[in-house]
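Engineer: First, the structure itself, so that you have it in front of you.
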Amino acid sequence: MLSANTTKEVWDILKLSYKGVEKAHKSKLQSMHREYERYEMSNSETVEQYFSRVTNPFNKMRVYGEDIHESKVVEKILRTKSMKFDHVVTTIIESHNTNIMTLAELQGSIESHVSRILEITEKANEEALKIQVNFTNIVESNRSKDGRGRKDGNINLRGRGCGSFKGKGRCNFNQQ
C-alpha cells in the first residue's frame, strides 16, 4: 500500500489481497470438509470424545463462514457411530425427529442409553462373580480334610465318591 498513490490503487491492492484470503479460506474449508467426512467413531472412543472430535471442525467451518445446519452434524454422528451403538442409534432414530434434534440432545440421549447399558452389564458381572464365589465355596467344602482333592482331578459336588472296586463300583462307566 505504500506504493499506491491514489485511492483506486489502494482499492485494487485490497481487492487482490482479499481474493488471496478468500482462496485461502476456501482451501482451508475444503481441508476441514475432507477431515470431517473421514471421521468415524473408533471402538475405544467414548461418546464424549467422539462428539468433541466431530464438533471441532464443524465449529471451525462455521468460523470460516460455512453455513452447516446442526441437523447435518446430528445425522453425521448417527451415521458414523461404532457398531456397538447400533441399537442405541436405531432407538434414537425411531423415537426422535433428528431434523430438529440438537447436538446436546443427541449427546445426552446417547450417554443416557450407554449408562443404562453399563448399569445392566455391571449387575450381570456382579451376579456372575457371586456365582463364581459360591462355586468356589462348594469346591473348597468338598475337598477332603487333609486339603487334597480327588486324585483324578474331578470335583465331587454330591459329597460322595465313586469308590475303587476295580471296575465294579457304582461309577464304572465302561460297562455296557
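Engineer: Output the residues belonging to segment 54-86 that are aromatic (Phe, Trp, Tyr) and either farther than 11 Å from Leu29 by Cα or touching a Phe, Trp or Tyr at 6+ places or on another chain (Cβ under 9 Å) (or both).
Structural biologist: Phe58, Phe85
Engineer: Just a yes or no: is a residue in segment 40-51 in a helix (DSSP H, G or I), over 11 Å from the mean Cα position of the chain (by Cα) and among the aliphatic types (A, V, I, L, M)?
Structural biologist: So far as segment 40-51 goes, no, none of its residues is in a helix (DSSP H, G or I), over 11 Å from the mean Cα position of the chain (by Cα) and among the aliphatic types (A, V, I, L, M).
Engineer: Please verify whether segment 55-77 includes one or more residues that are assigned by TED's automatic domain parsing to the domain that holds Ile117, under 23 Å from Leu118 (Cα atoms) and surrounded by 11 or more Cβ atoms within 10 Å (Cβ to Cβ).
Structural biologist: yes
Engineer: Looking only at segment 70-82, how many residues end up being out of contact with any Ser or Thr (no Cβ under 7 Å at 6 or more places or on another chain) and without any contact (Cβ under 8 Å) to a residue 24 or more places away in the chain?
Structural biologist: Number of matching residues: 2.
The values are calculated or read from the model by the stated rules, or taken from the named source; none is laboratory data. Please read all numbers here as calculations on a predicted model, not as lab measurements. For neighbour counting, all protein chains shown are included, and Cβ atoms are generated from backbone atoms with ideal geometry for every residue, glycine included.
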